[in-house]
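Data block below; observations after.
The values are calculated or read from the model by the stated rules, or taken from the named source; none is laboratory data. This is a predicted model, so every value here is computed, not measured. Backbone-built Cβ (ideal geometry, glycine too); neighbour counts: all protein chains shown. Accessible surface is based on the protein model in full, side chains and every heavy atom, while ligands, DNA and RNA are left aside. Shrake-Rupley method; radii C 1.70, N 1.55, O 1.52, S 1.80 Å.
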Amino acid sequence: MTPDVTPSPAAILTPDTDQPVVSFENVSIAFDGKTVLQDISFEVHQAETRIILGPAGGGKSVLMKLANGLLKPDTGTIKVFGEDVTSMRERDLFALRARIGMVFQESALFDSLSVEDNVAYRLHEDGVSIEESHDRVVEALHFVELDHAITKYPSELSGGMRRRVSIARAIITKPDLILYDSPTGGLDPITSTTIVELIVKQRDVSHTTSLLITHRLQDAFTLAMSHFNQATGKMERLANEGIDDSTRFLVLNEGKVIFDGSTLELVRSPDPWIKDYLS
Amino acid sequence: MSFVSPEVFAKQKIAALQDYSVLAGRSISNLFSRPIYWADIYTQMDSIGVGSLPIVILTGFFTGCVLALQSATALEAFGAKSKTGSLVALSMVKELGPVLTGLMVSGRNASGMASELGSMKVTEQIDAMRALGTDPIRKLVTPRVLATVFVLFFLTIISDAVGIAGGALVGVSLIGLNASSYLHSSYNGLVIGDIAQGLTKPLFSGFIIATVGCYFGLKTTGGTQGVGRATTQAVVVSSVLIIVVDFLVSRLMIGIFGS
Ligand SMILES: Nc1ncnc2c1ncn2[C@@H]1O[C@H](COP(=O)(O)OP(=O)(O)O)[C@@H](O)[C@H]1O
Ligand SMILES: [Mg+2]
């Protein structure tokens, strides 16, 4: 007789809350002999929004590409949904990436495709019918408040609109993990706020685990101290100087993690470099 | 320009050759598994084939014209002016048709592929494609390789035909040869081995153009400046390779057909 190894239904349904969604263990990477990330370790848990701060050129984008398996580290292990992306073949990574949405630093929309085809790219690849994918594109563009841009081409859009299309493309398949690389980079403060609002909306409506790079401290703190009011459809400051406790920080400098913790811990950090950076 | 030691230089070149071979291999092996992007293949055939038609016709035609003019003068010295048609047809079908068509398409499309894929690389569209679960080699390289090989074959036939026609035009109107004997001598001059040789070459050239163009495009770094560099390199490398491979194929086919 074979022993009954089928896990109980409860074990399948209950998500393993202890298992991090993303984990980096002693990850290092160098380009042409120049170390970009050195011995990076951190974890991101279910429903957490992890904000990555640090000066330009500090390896934040590289870290995000490592998390998606777009780059391979020289040493160390990276696990996403418990799977080791460092040793996976590209073909298996494609399956894993179906669960990950990514917003690139410069949007990276496909110039040759219309907004609709950009947003529906993944649905078209998966063979979803034209009608269904159109409906879902309309819904995703409505979420980013770009209903009217559906027939336009990326070259006809402003920077902020491109960023929003890019967000729509990343969330259309309702991924379990979203990677935002500098979603407000290069935008004016007002446009930045509308993008931050979208990210807060995504966080508070869908509770998707996410990694977010920014070098604008103001955006980071808006994210940490606001919530999305579904009744009014607006982003609001949390009452009594409240802080969203699903939002945590990681600060990188010169390729090393110099801070890993909550918003309160960050603002109270005694580290002189961090004090200087935050001021 | 930074100078490196010969050892590092050699290692870099070998690594590049290895990367190129992997890309070339995968561009073909992707044809044997799904998905195959047929729509992209047709789009590429249209842009490479229809787009290159004018330059291929023009170069083919005038090459035939000048060939007739030059060979008639040379052949006259041996009293063999009536062999002009045969010489033009042989040169067009075996050498000039395949090589010139290859070079023209290389100038137009190896550069186009390198700059298009290069721009996509530096604006992270290639990474975005991978992040969205698509293999860029399958989606971008394989359709270009297949389309170029297919289309270059027919462009070469067209070039041969208009070259022979151009030669006939010059032969009849400027050199005063008889039209029907000119065409008869063209036709009789060609044997199956010549045609096989002439039509094998574009298969190689097409493969070289697309794989080299895509290779330099996909390894572009350094922003828009890098795209310009990739474009130049793609044209230079693919043009030189076309001529080298032309020689190798000629030698091989002469070995097989003995002519
Ligand atoms: N593919 C690459 N090849 C070589 N160097 C790279 C590559 N990607 C990033 N770098 C280098 O890594 C460093 C960190 O880059 P990046 O992660 O983009 O910084 P940021 O923190 O501003 O996002 C930079 O010096 C950059 O030049
Ligand atoms: Mg960056």
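Given the structure, is A:A47 open to solvent by 50 Å² or more (accessible area, probe 1.4 Å), among the aliphatic types (A, V, I, L, M) and either closer than 24 Å to A:D244 by Cβ or more than 14 Å from chain B (Cβ to nearest Cβ) (or both)? When the stated conditions are applied, A:A47 does not pass them.
Within segment A:203-219, track down each residue that is in contact with a Phe, Trp or Tyr (Cβ under 8 Å, 6 or more places away or on another chain), open to solvent by less than 60 Å² (accessible area, probe 1.4 Å) and away from ligand 1 (no atom under 16 Å from the Cβ). Correct list: A:R203, A:D204, A:S210. The number of residues in segment B:18-36 being within 14 Å of chain A (Cβ to nearest Cβ) and touching a residue at least 40 places away in the same chain (Cβ under 8 Å) comes to 5. Only a single criterion out of (1) buried (at least 24 other Cβ atoms within 10 Å of the Cβ); (2) in contact with a Ser or Thr (Cβ under 7 Å, 6 or more places away or on another chain); (3) among the aliphatic types (A, V, I, L, M) is not satisfied by B:V93, namely (2). Of the residues making up segment B:74-86, those that are in a helix (DSSP H, G or I) and more than 30 Å from the chain's Cα centre (by Cα) are B:L75, B:E76, B:K81, B:S82. Taking the stated definitions as given, is A:E236 more than 17 Å from the chain's Cα centre (by Cα), exposed (fewer than 15 other Cβ atoms within 10 Å of the Cβ) and part of a helix (DSSP H, G or I)? Judged against the criteria, A:E236 is not a match.
The one condition from (1) assigned to a helix (DSSP H, G or I); (2) in contact (Cβ under 8 Å) with a residue 12 or more places away in the chain that B:R229 does not meet is (2). Taken together, the residues in segment A:163-192 that are more than 16 Å from ligand 2 (Cβ to nearest atom), assigned to a helix (DSSP H, G or I) and either buried (at least 23 other Cβ atoms within 10 Å of the Cβ) or in contact (Cβ under 8 Å) with a residue 40 or more places away in the chain (or both) amount to 7. For segment A:104-126, the set of residues classified as away from every other protein chain (no Cβ under 14 Å) and among the aliphatic types (A, V, I, L, M) consists of A:V115 only. Listed by position, the helices (runs of 4 or more DSSP H) contained in segment B:114-205 that have at least 3 residues being modelled with pLDDT of 90 or more are B:125-131, B:142-173. A count restricted to segment A:239-279 and to residues that are open to solvent by less than 50 Å² (accessible area, probe 1.4 Å) and farther than 23 Å from A:I213 by Cβ stands at 1.
For segment A:57-103, the candidate set comprises residues that are among the hydrophobic types (A, V, I, L, M, F, W, C), more than 16 Å from ligand 2 (Cβ to nearest atom) and in a strand (DSSP E or B); within that set, the residue that is nearest to the other protein chains (Cβ to nearest Cβ) is A:I100. Considering only residues in segment A:117-138 that are farther than 18 Å from B:T134 by Cα and touching a residue at least 24 places away in the same chain (Cβ under 8 Å), the one that is surrounded by the fewest Cβ atoms within 10 Å (Cβ to Cβ) turns out to be A:R136.
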